[in-house]
Amino acid sequence: MAEVTLLGIAQDGGRPQPSCLMDCCKDISHDQISFPTSLGTNFQDGSKHLFDVTRNLGQQLKLWGENDPNHVWLTHAHFGHVDGLGLFGRETIGAKGIKLHVSSKMADLIHSTPQWSLMIEQGVFEIDMFQTGDKVQFGSECIEPIIVPHRDELSDMHAFIVRGENHSLLYLPDHDTWEETLDSYGCKLIRDWLDKLNIDILLVDGTFWSQHELTGRLQTEVPHPPVSQTIAHLGTRLPDDPELYFIHLNHTNPLYDKSSSAFRTVESMGWKVGIQGMKLTL
Ligand SMILES: [Zn+2]
Ligand SMILES: [Zn+2]
Ligand SMILES: [Zn+2]
C-alpha cells in the first residue's frame, strides 16, 4: 500500500507569516507553527515522491521520516511551492539524479532561471516532463497530473492524483475558482468532478475561510475559493462522499483555531482540516 504524509498545511507564507503583527501570528507557540503545504509519498516499489518543495524541507523530511526522496513533483511556480529546491544543491544536500517531474511551462522556467538551470547542469535534478492526464506508473501505483486554472504569471498549475491499490488521493493546494476548475472538466458539481476522477481522498485549497479575510488587500489579487463557499456547495458529507481535508491555510484563516465557529462548522458537516504530519494509506 502507498503511504502519504501531509508535510504542511499553510499557504505559501507559512504560519506565522513574516511581518504579520495581527493576533493570528502574534503569539504563535512552537507547536502552532505550520509549514507551507507539501506532501511525501512512499510507493510499494520503494520510490519516494515529494510534492512541492518548501524552505522548511529540513523539518518536513523529519516529519516524513525520509532523508532522500528520489522524485520531486512541482504543482506550479508560486514561491511557497518551489523555494526549497535550492536545498537539494551543493550548498546543502548535494543530491544527484533526482527526477524532477514538471510541466513544459515549468521546465522552461527552470531552464531560464540561473540558480535552477545550474542545478540541472550539475546533475542534481533530471527533468522528466509530464502532460495533463498522463498516468506515470510506479509498480502497481501511479501519479496523474491534471491541469487546473490558477494565476499563471510564471507557470501553469497541476494538481496531482496519487493512485494506490485501494484509494486515490487528489492533491489540489491552489486553484482560482470552482467555476473555472469544474468548467474546464465539463462538470457542474464538485461531487461530479471527483466522481469522474475517481477520487476518495481530497486535499483541497482552503486558503481563506471567507471572501473578506484579507484586510488592506484586494482578494481579487489572490483568488482562491473560500472554504465557506466550498462547504456551502457540498452541503453535509454523505456516506459515499470522499474524505476531504482543507489545506494551504492562510495565516488569517480561523480554521487554525479548533475552538472557532468556522472549525466547528466544517467538522459538524463531516469535512476535515488537514493536520501537519498526518499519514494516509492508499
Ligand atoms: Zn500556494
Ligand atoms: Zn498573521
Ligand atoms: Zn499559487
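The values are calculated or read from the model by the stated rules, or taken from the named source; none is laboratory data. These figures come from a predicted structure and were not determined experimentally. Positions of Cβ are generated from backbone atoms using ideal geometry, with glycine treated the same way; all protein chains shown enter the neighbour counts.
Of all the criteria given as (1) of a type in the set (D, E, K, R); (2) within 16 Å of ligand 1 (Cβ to nearest atom); (3) in contact (Cβ under 8 Å) with a residue 60 or more places away in the chain, the one not satisfied by residue 83 is (3).
Considering each of 128, 134 in turn, give the residue that is touching a His at 6+ places or on another chain (Cβ under 9 Å), closer than 21 Å to residue 45 by Cβ and modelled with pLDDT of 95 or more. Working first, answer last.
On the way: 134 fails: touching a His at 6+ places or on another chain (Cβ under 9 Å).
Exactly one of 128, 134 is touching a His at 6+ places or on another chain (Cβ under 9 Å), closer than 21 Å to residue 45 by Cβ and modelled with pLDDT of 95 or more, namely 128.
So, in segment 137-163, exactly how many residues are touching a Ser or Thr at 6+ places or on another chain (Cβ under 9 Å), away from ligand 3 (no atom under 16 Å from the Cβ) and either modelled with pLDDT under 95 or small (Gly, Ala, Ser) (or both)? Number satisfying all stated conditions: 1. When the test is whether a residue is touching a strand residue (DSSP E or B) at 6+ places or on another chain (Cβ under 7 Å), on the phi > 0 side of the Ramachandran plot and away from ligand 2 (no atom under 16 Å from the Cβ), residue 45 does not pass it. Among residues of segment 149-169 that are free of Cβ contacts under 8 Å to residues at least 60 places away in the same chain and closer than 16 Å to residue 205 by Cα, those with a beta-carbon under 6 Å from a residue that is in a strand (DSSP E or B) and among the hydroxyl-bearing types (Ser, Thr, Tyr) at least six positions away or on a different chain give the pairs 161/168.
In this entry, residue 258 passes the filter for residues that are within 19 Å of residue 15 (Cα to Cα) and among the basic types (Lys, Arg). Restricting attention to segment 249-282, the residues that are more than 24 Å from residue 222 (Cβ to Cβ) and either of a type in the set (Asp, Glu) or modelled with pLDDT under 95 (or both) add up to 1.
Screening residue 186 with (1) of a type in the set (Gly, Ala, Ser); (2) crowded, with 16+ Cβ neighbours inside 10 Å; (3) without any contact (Cβ under 8 Å) to a residue 24 or more places away in the chain gives one miss only, at (2).
Can you name the residue in segment 37-79 that is touching a residue at least 60 places away in the same chain (Cβ under 8 Å) and acidic (Asp, Glu) and is also nearest to ligand 1 (Cβ to nearest atom) among such residues? By that ranking, first place goes to 52.
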